[in-house]
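Report on one structure; see the data block that follows.
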Amino acid sequence: MKSAIHQINSDEDATYNKRRMLSELNNMEFTVGFEKVRRLMKKLNLVTKRPKQHRYSFCDVASVIAPNKLNSN
């Protein structure tokens, strides 16, 4: 089971958390619970990478198409 967890982690670029790992292992016919997956991932030092947050770019130039009526005093 440890090799399967390592394989899933490397295939998915370390983006699978314990819940997704549990469903993958259950699909591979392993009979395992949530806490067991959590303990194994902790024992194997597998940490899930979070995707970067989306950042909106702001520009300092006012729109040419329409005036900004929200910023009026």
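The values are calculated or read from the model by the stated rules, or taken from the named source; none is laboratory data. Quantities reported herein were computed from a predicted structural model and do not represent experimental measurements. In this analysis, Cβ positions are derived from the backbone assuming ideal geometry, glycine residues included, and neighbour counts consider all displayed protein chains.
Quick check, is SER10 surrounded by 10 or more Cβ atoms within 10 Å (Cβ to Cβ), in a helix (DSSP H, G or I) and at pLDDT below 90? The answer is yes for SER10. Screening region 13-56 for residues that are under 19 Å from the mean Cα position of the chain (by Cα) and small (Gly, Ala, Ser) and picking the one that is modelled with the highest pLDDT gives SER23. Take region 15-52 and flag every residue that is assigned to a loop (DSSP other than H, G, I, E, B) and surrounded by 14 or more Cβ atoms within 10 Å (Cβ to Cβ). If the condition is that a residue be assigned to a loop (DSSP other than H, G, I, E, B) and surrounded by 14 or more Cβ atoms within 10 Å (Cβ to Cβ), then TYR16, ASN17, PHE30, VAL32, LEU46, THR48 are the ones that fit.
Before we move on, is ALA4 surrounded by 11 or more Cβ atoms within 10 Å (Cβ to Cβ), among the hydrophobic types (A, V, I, L, M, F, W, C) and assigned to a loop (DSSP other than H, G, I, E, B)? Spelling it out, it is not the case that ALA4 is surrounded by 11 or more Cβ atoms within 10 Å (Cβ to Cβ), among the hydrophobic types (A, V, I, L, M, F, W, C) and assigned to a loop (DSSP other than H, G, I, E, B).
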